[in-house]
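Following: one structure in structure tokens, then a few remarks.
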Amino acid sequence: MRKIIHVDMDAFFASVEELDNPEVRGKAVIVGGGIEGRGVVSSASYEARKYGVKSAMPISRARKLCPHGIFLEVRMERYIEISIQLMRLLKDFTPLVEPVSVDEAFLDVTDIARDFAEAVEIGKQVKKKIKAETGLTASVGVATNKFLAKLASGLKKPDGFVVITDEEKENILKDLPVSEILGVGKVTEKALHAMGISTIGQLWPIPQEELVERFGKLGRVLYYLSRGIDNSPVVTVWEPKSVARSCTFERDIKDLRVIRRQLYDLTEDVVKQLKEMNLRAKTITIKVRYSNFRTITRSITIDTPTDLLSAVWHYADMLLREKVELKDRAIRLIGVSLSSLVQAPSVEQLHLFEEEMRSEEIATIPKGME
Amino acid sequence: MKLSCQKSTMLSSLQLLGPVTAGTTTKPILQAVKLEAIDDKAVLEATDLEVGVRCLVEPVEVQEAGTVVLQEGRLTELLREWPEEKICMETRGSMCLLSGKGGVFKMAGYDPEEFPVIPTFSDEGSVEVSADELEGMIKKVVFACASERVRHTMTGVLFREEGGELRMVATDGRRLAFARGKKSGGGKTTMDGIVPRRGVELLSRIATHQEGNVLLKMDGTHLLAKSGKATLCSQLIEGQYPNYEEAVPKDNDKKVEADAEGLAAAIRRATILTTAERHLIKLKLQKGMIVVEAETPEVGEAMVDVEVKYSGEDLEIGFNPDFLLDALKAIEKGTVQLEFKGPATAAIMKRSHDFLYVVMPIRLAETT
């Protein structure tokens, strides 16, 4: 039997803001991009959630729901700083830590806990240590696999601590909505509803073959996860798939100079983040959303992974100018992401003329943009 | 052709040419030397088409003018084994007869007509540099040339005349060596070109065997050099040399003065506890001290304190020890000035006006 702990920070971005600004503590803190205009909510404090404010909701809607809210800009660098601190302290318990995102991680304590009770004890210590060292609260779940551990941490948010044993799992799963199953999105949910299935327990009588026939691979997942069976391992070497930033303009923009300027700023941000994470990227993608909401992405993959701003900017700008139809079309959103990431060598001889050697093939950054 | 001379006279000239033929394998005639006797002197030539050297053999008694082309390796070997006596060389058809106390040898020769022509040197438009100065400058930079073809221009040494002085620059993209030297004379000339490493090494060899001055000039495609006894012609490498002036940091504020020999000894000791895979030492700057450290898993740890003049902030910076030792070797004795900024930016090592070295550190990622 495995012993897995899932850690999920409570309203992470908003909580960090409350930590750093005592005067906003306990208030309806809403963190998002493009606070003044049309961005979306990245994180809302539990106080703000009382008014119906949720992540991914347009800021404008959040303002209507919660006019007295404190709206703050995303400070990704600061969140990453705390995230690194968090992951380090988790690794003090066991090296088997799988970070899922900046504020979420799995720990496999199978080998260090003698029995399940001890795993529960470790879970409590993890929670306590996070509070002591970061000043933030986390919801922690302890179970025998990743699916159940994650489910557990989500059951009593915020500041929750939930244990799901193998004996209890069926009871707990039985009445939960099917959407709690990882991988079940709106489409699957609808299809299941059409079959008369809305709770996890209602999935049990359906044979695996039938689920596979209807849902393909996902059918197998539904069959096992609905029974609380999940053999996926805690993967310690976690490599983020991409680093991305985007921005919604205050008004739709036609002016190429403004668009490029914005793209340059975003590029600078993602490259900075890439460097901080000690990664290099091979694929550069830009995303453009037109005023009619049609969204396109254009990408290019280069041979040598890079973390050079001049190189990334060269390709991002080239994609924008050569692969995106801009003539007389207004743009609502622009974004850039870096993917196909590889680890930068931990010990690396640095080079002279690096930028110069690149710039031989790469157009220089437009004047006034540096 | 018929001539005679002391064995040592011929041998010393031959040895100067040796490196030219050593590297060539493609064409047999490029592994040969041409010996030409004219009036009262003899001249030896060797070329690999990139670099050519012409060297006077003297004193020599010429009985009959003429030319012979012989395989360099065998000729040199034979002369090495020859007793310290006279040797007589004489053409017999396509063969060359070598005779004296060492015995009688007949060596097959090549057709002199097929031997490539090495451009001749005219003094016009050349600069003069003392042989010592030239040799010293080359020694300070040549080790920094790129050996791999990262970028073709980096495999050579940049020669440039600027502000009335001669400059040499070499870099492999990780460190850069820069030397300045005084001209001893010579008129107006433009010298600005990249000389292949082999050409530079041969030039140094010529300067070493020479007292007095060496004349240098460039004609756009070649470097030509002439000392009393020898002439060198080297092709230039085409292309744009990296902008070395940009690579020299201007705002390194952490300035250290150290004894070059003492620092080199400390680095050499610490380097013993590194491996080829992890060839890395750390310099820790503190007030009045540099601690040289090495830490190699499964090998061990080294820590050497070196007293220096320093009053700035603490800094920890990693380097390939060879890169530091190369520069300290070029500096030899006395005080080396070191200038740092941060752990991931170029450092400077220099001695007075004549030598400047820029070296990139090894970035040490924080272990997480």
Amide H contacts of A:VAL29 (H built 1.01 Å from N, under 5 Å, at least 5 apart or other chain): A:SER45, A:GLU47, A:ALA48, A:ILE70
Value of relative contact order over the stretch A:242-359, rounded to a whole percent, pairs C-alpha under 8 Å and six or more apart: 41 percent
Built amide H within the under 5 Å cut-off of A:VAL40, gap 5+: A:GLY33, A:ILE59
Accessible area buried, both sides summed, chains A and B with 1.4 Å probe, Å²: 1700 Å²
1.4 Å probe accessible area per residue over the stretch B:114-165, in Å²: 46 Å²
Projected label distance in nm at B:THR296 and B:ASP251, using a 7 Å step from Cα toward the beta-carbon: 3.7 nm
Within the accessible area of chain A (1.4 Å probe), percent carbon and sulfur: 50 percent
Complex-versus-alone comparison for the stretch B:314-363, residues with a loss of 50 Å² or more in accessible area, probe 1.4 Å: B:MET360, B:ARG363
Simple label model, 7 Å out from Cα along Cβ direction - A:ASN21 to A:GLU276, nm: 1.8 nm
Computed [θ] at 222 nm, helices only, for chain A once each DSSP H run of length n ≥ 4 contributes -39500 (n - 2.57): -11500 deg cm²/dmol
Only Lys, Arg (+1) and Asp, Glu (-1) charged, at Cβ; the stretch A:242-359 dipole about Cα centre in debye: 680 debye
Vicinal HN-Hα couplings computed from phi for the stretch A:117-122 (Karplus, 6.51 cos²θ - 1.76 cosθ + 1.60; Hz; Gly/Pro x): 4, 5, 4, 5, 4, 4
Relative contact order [Cα under 8 Å, 6+ residues apart], the stretch B:248-359, whole percent: 32 percent
Threshold 20 Å² - residues in the stretch B:170-186 whose accessible area is reduced by that much or more when the chain is no longer isolated, probe 1.4 Å: B:GLY173, B:ARG174
About the Cα centre, charge dipole magnitude for the stretch B:127-245 (Lys/Arg +1, Asp/Glu -1 at Cβ), debye: 200 debye
Minimum 20 Å² accessible area buried by the other protein chains, the stretch A:325-350 residues, probe 1.4 Å, relative to alone: A:SER346, A:VAL347, A:GLU348, A:GLN349, A:LEU350
Chain B - percent of accessible surface contributed by carbon and sulfur, probe 1.4 Å: 47 percent
Estimated 222 nm signal from helices in chain B, with DSSP H stretches of n ≥ 4 weighted -39500 (n - 2.57), rounded to 500: -6000 deg cm²/dmol
Hz values of 3J(HN,Hα) by residue in the stretch A:316-325 - Karplus curve (6.51, -1.76, 1.60), Gly and Pro given as x: 4, 5, 4, 4, 4, 7, 9, 10, 10, 7
Mean separation of Cα contacts under 8 Å, 6 or more apart, over the residue count of chain A: relative contact order %: 14 percent
Choice from A:GLY52, A:GLY69, A:GLY123 showing the highest fluctuation, given a GNM over chain A with Cα pairs closer than 10 Å: A:GLY52
Around A:PRO95: net Lys/Arg minus Asp/Glu count, Cβ-Cβ under 14 Å: -2
Whole-Å distance, taken between Cα centres, linking the stretch B:143-179 and the stretch A:330-355: 30 Å
Fully extended contour minus Cα-Cα distance, from A:ILE302 to A:ASN171, at 0.36 nm per residue: 42.0 nm
Relative packing of A:193-206, A:147-160, A:241-254, which averages over residues the other C-beta atoms within 10 Å, highest first: A:147-160, A:241-254, A:193-206
Charge dipole (chain A, unit charges on Cβ, about Cα centre) - positive-most of A:ALA44, A:ALA113, A:CYS66: A:CYS66
Assigned charges on the beta-carbon of Lys, Arg, Asp, Glu; the stretch B:1-69 dipole about Cα centre (debye): 200 debye
Positive-pole candidate from B:THR275, B:VAL306, B:VAL358, dipole of the stretch B:248-359, charges at beta carbon: B:VAL358
Summed side-chain charge close to B:GLU50 - residues other than B:GLU50 whose Cβ falls under 11 Å, Lys, Arg +1, Asp, Glu -1: +1
Helix B:321-331 axis, angle to chain B major axis (alpha carbon atoms, nearest 10°): 60 degrees
Prolate/oblate/rounded label for the stretch A:13-76 (Cα gyration tensor, a/c 1.5): oblate
On Cα atoms only, tilt of B:131-141 relative to the major axis of chain B in degrees: 50 degrees
Inter-site label distance for B:SER184 and B:ASP111 at 7 Å from Cα along Cβ, in nm: 4.3 nm
Net charge contributed by nearby residues that have their C-beta within less than 13 Å of B:GLU64 (K/R +1, D/E -1): -3
Long-range HN-HN contacts of B:ALA146 with modeled amide H, under 5 Å: B:THR155, B:GLY156, B:THR171
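The values are calculated or read from the model by the stated rules, or taken from the named source; none is laboratory data. Remember, predicted model here, so these are calculated numbers, not experimental data. We place every Cβ from the backbone using ideal geometry, glycine too, and count neighbours over all the protein chains shown. In case anyone asks, the SASA skips ligands and DNA or RNA and just uses the protein heavy atoms, side chains included. Shrake-Rupley method; radii C 1.70, N 1.55, O 1.52, S 1.80 Å.
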